[in-house]
Amino acid sequence: FFIVLYIKNFMKSRKCNQKISSKKIQFSKKNQNCQLVSLTLKRKIYLIFMSSLSAKEAVLKLSKLNILEKNLNYIISILIECCIQEDKYLKYYSQIAEILCKISKILKRSVEIAFLETCKTIFRYKINKIKISGNFFGYLFSTGALSWGCLADMVITILVFIIYISIVIQA
């Protein structure tokens, strides 16, 4: 008798839990779908950078992707990450960023924001990564792809940042 009551109560509670969990699953599937889309987009962008022979070819392949405006910042963040992960500075990534900055104001603003974020977190990087990042942004400043006005948004407070800016200016 007690076992029968326990099983009935268990089944009732299980049905309620299944209804609740099915709502949670539907919500999480939407989240997972968005995450999956962004992950596949990031993967495509990364593969374009790695498989292209020239900067112009990479930009041409990126233009064929038809990326939404809200996802354009992925291009810049992946580009900077690819550049920083190399053992030595490669002009290839800077040339891609230069072309992208000259093509679109949105991408130019994304690069400026990425520069400011890099300056804020530069103390976390190793020396080699700081040099590569400095050369990357230095190239963009020297070619005119980025305006010097974005430096006005920053406050110089850290010694590492001063060293970083000297690397950018020397590049």
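The values are calculated or read from the model by the stated rules, or taken from the named source; none is laboratory data. Note that the structure is predicted; figures quoted are calculated from it, not measured. Here the Cβ is made from the backbone with ideal geometry for all residues, glycine too, and neighbour counts use every protein chain on show. Remember, those area values only see protein heavy atoms, side chains included, never the ligands or the DNA or RNA. Shrake-Rupley method; radii C 1.70, N 1.55, O 1.52, S 1.80 Å.
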Worksheet, complete the sentence: Karplus ³J(HN,Hα) for the stretch 119-134 (6.51 cos²θ - 1.76 cosθ + 1.60, θ = phi - 60°; Hz, whole; x = Gly/Pro) runs 5, 5, 10, 5, 5, 7, 8, 6, 4, 4, 5, 5, 5, 5, 5, x
Worksheet item: Within a Cβ distance under 13 Å of Lys131, other residues only, what is the Lys/Arg minus Asp/Glu net charge?
Response: +1
Discussion item. Which residues does the label zone of Lys44 cover in the stretch 52-95, counting backbone N under 18 Å from a point 7 Å along Cα→Cβ?
Written reply: 52, 57-79
Discussion item. Under a crude label model (7 Å from the Cα following the beta-carbon direction), how far is Thr143 from Asn128 in nanometres?
Written reply: 2.4 nm
Worksheet item: Tyr89 accessible area, nearest 10 Å², 1.4 Å probe?
Response: 60 Å²
Worksheet entry | Stretch gain in nm, segment Asn66-Glu117, where the contour uses 0.36 nm per residue and the Cα spacing is subtracted | 15.7 nm
Worksheet item: Setting aside same-chain residues fewer than 8 positions from Lys129, which aspartates and glutamates have a Cα under 14 Å from its Cα?
Response: Glu81, Glu86, Asp87
